[in-house]
Amino acid sequence: MDARSIALLEFPLIRDRLATHTSFSPSRRLAEALAPETEPVIVARALDETDQARALLEERPGVGIGGAHDIGPWVERAARGGRLDPAQFLEIADTLEGSTRLHAALSEDRRPLLRDLSRELHALPAVRSTLARSFDPVGELLDTASPRLGALRSAVRIAYDRLRRRLDTIVNSELAGALQEPIVTLRNGRYVVPVRADARSRVKGIVHDASGSGQTLFVEPLVVVELGNAWREAQLAEQEEVGRILDELSALVAASAAQLRETLGALARFDLWAAKAQLAADMDATRADTAERPEVLLLSARHPGLAGRVVPIDVRLGDGFTALVVTGPNTGGKTVTLRTLGLLALMHQAGLHVPAAPGSRLPIFRDVFADIGDEQSIAQSLSTFSGHLRSIIRIVAAAGPGTLVLLDELGAGTDPTEGSALAQALLDHFIRAGSLVAATTHYAELKAYAHTTPSASNAAVEFDLETLSPTYRLTIGLPGGSQAFAIAERLGLPEAIVRDARSRLTDTQRSFEATLAQIREREGETTELVERARAATARATEQLRAAEEERRRTRRERDEAVREAREEADRILDEVRAEAASIRRLLERGHVAAPALDAALQGLERTAARLPAGAGTSPAASAPAGPRTWRVGERARSLTGGWEGRIAALDRKGSRVSLEAGGLRVSVPLEDLGEALTPEPGTGSTGGAGPWRPNPAGERPGASTSVDQIRLSRARTVPSSLDLRGARVDEALTALDRYLEDGSLAGLDRVTVIHGLGTGALRDAVREAASAHPLVKSVRAGERGEGGDGATIVSLG
């Protein structure tokens, strides 16, 4: 796009503001290089980036790049085989830490661009852990950086301690009389003592330095030279190991150079997106819709460079007219209108939100041209008119479809008659070329041109004659007046002069101004009505929004209540299942009596009673069913007794039925009947009583069904063994007879009767009674593992 026009419209100032919101130099460079794009796909992508980053920061304001640094130079140095410094390793570690946190925040985000960006953020845990193990927070290598470093540092400390202890002994006793001062100091990396020059012969050693006066010699005593050498050698060994570690860590960084470059790029892009989002929030900006055709609609638009109280303007261009002629008094806001239109178009195409109300629309311009400001140049011998004309000639050559042309004070700086004629010819050219053009002027001829040309329209900036100040409001469709006479009169110019000036106007000019005044008055009334309508629309919109929010809140509360009820129902049903399984295990072991079973059933009923009403059921399922009509031959069960079988007969009154179950007939009240839980024999039922389970479809059964199945288990399932030990013979035989009948009714094939060994009287009586029982097929003594002779195995037929 035209670089000169971009500068005239002050887009570089927007880039500078954007750069202040960035967190480190890579994203700052991206902000400073931001430019408007002309491809719709690229513009849409850039706007989506701003949208998604702004939404993320509104939800989670703390998300960012953390302590990331510009590690690009360090990565490149390592990739070329260079050695990095500890401070540079710390910056790489900080950057990886920030990348890891940002990846965690973006990887599960629902916004696609942010989620895709997270894939370019590499945590590199091996690099992070190695750097964390190698450096402390201030960049010093830790002893854990390598297996040898700790031992070498220990050797340095030991050698140093030996050296200092020997020197302290020399200073404080052996050479005390020969020293200038009883101190130990360092010269050229060696520890020395200050010896008086006149006592040099008393101290054998190496002179490393002398004082300026020559009265003091700094001597390393011979007795500590070897200790000093040992200390120095230990230092050199440590330094060599430190260098090796730094080279090794630099090679580790070089091996991950590609991932580090990609991570740095992703961090910079996210920081740029976040900066665009923060700039939009600062300007209270919104995303403008992208118009499919060359049409501009800016609602309540504000120039982002204006400070203090800014009066928003509405700008329309391209819908019914492609040229807009803006007129009005000086300082009224004509030029600001052009700058606002041009700058917001550039911001939109740079992927930035614009300071305008929602509903604003901007097309994707191929180029934006502006001729704004004084083009006068003494150095180039250009007058104001010549400077403007040279710029306009350049724009004329490039303008065409998909371009926006902004011209300030078109035709000014020369003879008004010729200037206005030239201005009209230029506007005609831009209209024919297919450009959208907006121009400011004071010429009345251009007002008439815009009024009579179908593809052009007038616009006026308003002026308050009472305060002699502009209102900065823009009105589309009306030409503006310069208000020269009114301003001169209010400022104190003699009335006679003003009256004389008015008289010099032609009748046509006076009629034109009077007509304009009437139109403005009517426009004011219309504007007031429009404002009222807008206010009413805004109130209705707010009420609709509040109603919608209340509806969503009610739905959330309902869904939450249903969820809690279902969770409670699931929990209670889990308790029922667990209790049923426990009862089943007791029944299988044969160690539960009827009172205990009744107590367990009552417990299940109490648990089921805690189920929330309607939990886990659909409205249709929870609707009350009508009375069931029973017929002879249908299968049914007793809800209270648990018996299940075929209806053999109905009494005449229809109040009781005869239920045939297991060869027995039971009289049951009609209201006590329920649906059978097992199919007709021979239709696929396996028979026998198994443990209670959920139905095959996986549906959650109701509590009443669970309890009814347990009731049925009482009738169809009896203990698999009967323990008669300790009972008298008559009591045992009575219990045996009842037990065999219950076992046969339950469909058991075989039962075990435990009677013990004892004297054998109870055993013989049990086997004799069982053999004679009509429901028994065979009787035998228990085998090994079945209780032996202390138990009798009875097969039922």
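The values are calculated or read from the model by the stated rules, or taken from the named source; none is laboratory data. Predicted model only: the values in this text are computed from it and were never measured. Don't worry about glycine lacking a Cβ; one is built from the backbone with ideal geometry, like all the others, and counts go over all protein chains shown. Heads up: the accessible areas ignore ligands, DNA and RNA and are worked out on the full protein's heavy atoms, side chains in. Shrake-Rupley method; radii C 1.70, N 1.55, O 1.52, S 1.80 Å.
Things to note:
- Of all residue pairs spaced 6 or more apart or on separate chains, those with beta-carbon atoms under 9 Å, a first member in segment 286-308 that is in contact (Cβ under 8 Å) with a residue 12 or more places away in the chain and a second member that is of a type in the set (Asp, Glu) and part of a strand (DSSP E or B) are Leu297/Asp289; Leu297/Asp314; Leu298/Asp314; Leu299/Asp314; Ser300/Asp314; Ala301/Asp314.
- Residue check for Ser134: among the polar types (S, T, N, Q), open to solvent by 30 Å² or more (accessible area, probe 1.4 Å) and over 27 Å from the mean Cα position of the chain (by Cα): no
- Listed conditions (1) open to solvent by 60 Å² or more (accessible area, probe 1.4 Å); (2) touching a residue at least 40 places away in the same chain (Cβ under 8 Å); (3) of a type in the set (A, V, I, L, M) are all met by Leu8, apart from (1).
- Looking across segment 11-24, the residues that are surrounded by 14 or more Cβ atoms within 10 Å (Cβ to Cβ) and either more than 9 Å from Ala275 (Cα to Cα) or β-branched (Val, Ile, Thr) (or both) come down to Phe11, Ile14, Arg15, Arg17, Thr22, Phe24.
- Whichever residue in segment 640-657 is within 10 Å of Val668 (Cβ to Cβ) and surrounded by fewer than 18 Cβ atoms within 10 Å (Cβ to Cβ) and, among such residues, is modelled with the lowest pLDDT: Gly641
- Candidates are the residues of segment 764-779 that are touching a helix residue (DSSP H, G or I) at 6+ places or on another chain (Cβ under 9 Å) and more than 17 Å from Thr734 (Cβ to Cβ); the one that is surrounded by the fewest Cβ atoms within 10 Å (Cβ to Cβ) is Ser778.
- Within segment 134-143, not a single residue is in a strand (DSSP E or B) and either among the hydroxyl-bearing types (Ser, Thr, Tyr) or modelled with pLDDT under 85 (or both).
- Scanning segment 315-350 for residues that are surrounded by 24 or more Cβ atoms within 10 Å (Cβ to Cβ) and of a type in the set (Lys, Arg) yields one hit, Lys334.
- Matching residues in segment 68-115 - criterion: being in a loop (DSSP other than H, G, I, E, B) and closer than 14 Å to Pro26 by Cβ: Ala68, His69, Asp70, Ile71
- All positions within segment 19-77 that are aliphatic (A, V, I, L, M) and touching a His at 6+ places or on another chain (Cβ under 9 Å): Ala31, Val43, Leu47
- Where a residue in segment 351-365 is surrounded by fewer than 21 Cβ atoms within 10 Å (Cβ to Cβ) and its partner, wherever it lies, is of a type in the set (Ser, Thr, Tyr) and not in a loop (DSSP other than H, G, I, E, B), with Cβ under 6 Å and at least six apart: Ala357/Ser300; Pro358/Thr286
- Segment 25-48, subset within 25 Å of Ala291 (Cβ to Cβ) and open to solvent by less than 10 Å² (accessible area, probe 1.4 Å), residue nearest to the chain's Cα centre (by Cα): Leu47
- Close pairs from segment 535-555: first open to solvent by less than 80 Å² (accessible area, probe 1.4 Å), partner acidic (Asp, Glu), Cβ under 9 Å, at least 6 apart: none
- From Arg202, Arg165, residue being open to solvent by 70 Å² or more (accessible area, probe 1.4 Å) and touching a helix residue (DSSP H, G or I) at 6+ places or on another chain (Cβ under 7 Å): Arg202
- Hits in segment 283-307 (condition: among the charged types (D, E, K, R) and part of a strand (DSSP E or B)): Asp289
- Residue within segment 417-438 that is among the polar types (S, T, N, Q), touching a residue at least 60 places away in the same chain (Cβ under 8 Å) and in contact with a strand residue (DSSP E or B) (Cβ under 9 Å, 6 or more places away or on another chain) present: yes
- Subset tally (residues that are touching a residue at least 60 places away in the same chain (Cβ under 8 Å), charged (D, E, K, R) and either surrounded by 18 or more Cβ atoms within 10 Å (Cβ to Cβ) or under 22 Å from Pro194 (Cα atoms) (or both)) for segment 215-265: 2
- Condition met for Ala53 (open to solvent by less than 40 Å² (accessible area, probe 1.4 Å), closer than 30 Å to Ala255 by Cβ and touching a residue at least 60 places away in the same chain (Cβ under 8 Å)): no
- Of the strands (runs of 3 or more DSSP E) lying entirely inside segment 388-481, those containing at least 3 residues that are under 29 Å from Asp2 (Cα atoms) and modelled with pLDDT of 90 or more span 403-407, 436-440.
- Checklist (1) within 30 Å of Ala255 (Cα to Cα); (2) among the aliphatic types (A, V, I, L, M); (3) in contact (Cβ under 8 Å) with a residue 60 or more places away in the chain applied to Ala87, failing item: (3)
- The set of residues in segment 176-199 being open to solvent by 30 Å² or more (accessible area, probe 1.4 Å) and hydrophobic (A, V, I, L, M, F, W, C) consists of Ala176, Ile183, Val184, Leu186, Ala197.
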